[in-house]
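Everything on this sheet refers to the single structure shown next.
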Amino acid sequence: MDRKVEENYWTARYKEAQTGWDIGYISKPIKAYVDQLHDKNLKILIPGAGNAHEAEYLYKNGFINIHVLDISEIPLVAFKKRNPNFPDQHLHHESFFEHKGSYDIIIEQTFFCSFVPTETNRKAYAKQMATLLKNKGKLVGLWFSFPKTSDMEKRPFGGDKQEYLSYFQVYFEVKSFETSYNSIPQRQDRELFGIFVKA
């Protein structure tokens, strides 16, 4: 996957305000999950974070070790303007696949669906998620559940539960992976909420 091509693509989307994936606030399924976390020192990564509403919510609720990653600099600059005291060293302008770190939790929110859905890309995603997590670390979040088409340009890209599991079960124990009951109306029955523990 060519980093420059991806960066240019997403930067153009932000410049043209073509950000239909951005609902403007933390999604309910992820909010419900993070609201039951009590350890504010957990090291949490949000890759492909975009405007990072999840990170902003966590930060404003006292979590002190949140890391925000995006391949485009535009949303990171916007996030910093909204949260001027957020530590610069926790903002990562880079490719997810080049990032290095060790995290307790990684939050997935409309990220997996952004990659061209080749088997190579999806295997690389699962492997990198596992690499970035500590032993027993958790990958938590939402994956779109709708048919994958042959169109390699129209994002977001879909998939189904069994396909996703074929990638994740190589590296993770599946704690739960079911249709999200509290998605926003336009995504009802089109999202899977999952919790995966690094094996």
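Brief remarks on what is shown
- Global form of the stretch 1-137, assessed from the alpha-carbon gyration tensor, a/c cut-off 1.5: oblate
- The stretch 72-171: C-alpha gyration tensor shape, a/c 1.5 cut-off, then a/b vs b/c: oblate
- Cross-link pairs Lys31/Lys198; Lys15/Lys40; Lys15/Lys198 - those with Cα-Cα distance over 29 Å: Lys15/Lys40; Lys15/Lys198
- Three-way shape label, the stretch 50-106, alpha-carbon gyration tensor, a/c 1.5: oblate
- Here, the stretch 113-199 is characterised by an Rg to Rh ratio of 0.96, where Rg is the alpha-carbon radius of gyration and Rh the Kirkwood radius.
- Length released on extending from Val170 to Arg3, taking residue separation times 0.36 nm less the Cα-Cα span: 57.6 nm
- Environment charge of Lys136, counting only residues whose C-beta is closer than 12 Å and scoring Lys/Arg +1, Asp/Glu -1: +2
- Ordering Tyr33, Pro156, Gly50 by Cα displacement along the dipole of the chain toward the positive end leaves Tyr33 in first place; charges were set at the Cβ atoms of Lys, Arg (+1) and Asp, Glu (-1).
- With K and R counted +1 and D and E -1, the other residues having a Cβ less than 12 Å from that of Val170 yield a net charge of +3.
- Here the relative contact order of the stretch 82-165, from alpha carbon pairs under 8 Å that lie six or more residues apart, stands at 32 percent.
- In plain terms, the chain from Lys136 to Gln89 could stretch by 14.4 nm, reckoned as 0.36 nm per residue minus the Cα-Cα distance.
- Of Leu139, Leu45, Leu91, the one that fluctuates the most in a GNM where the chain has Cα springs shorter than 10 Å: Leu91
- Electrostatic bookkeeping for Ser95 treats Lys and Arg as +1 and Asp and Glu as -1; over the other residues with beta carbon under 13 Å from its beta carbon, the sum is -4.
A short reminder: the numbers here are calculations on the coordinates, not readings from a lab. What you see is a predicted model; the values in this text were computed from it and never measured. Quick reminder, even Gly has a Cβ in these numbers, built from the backbone with ideal geometry, and neighbours come from all protein chains shown.
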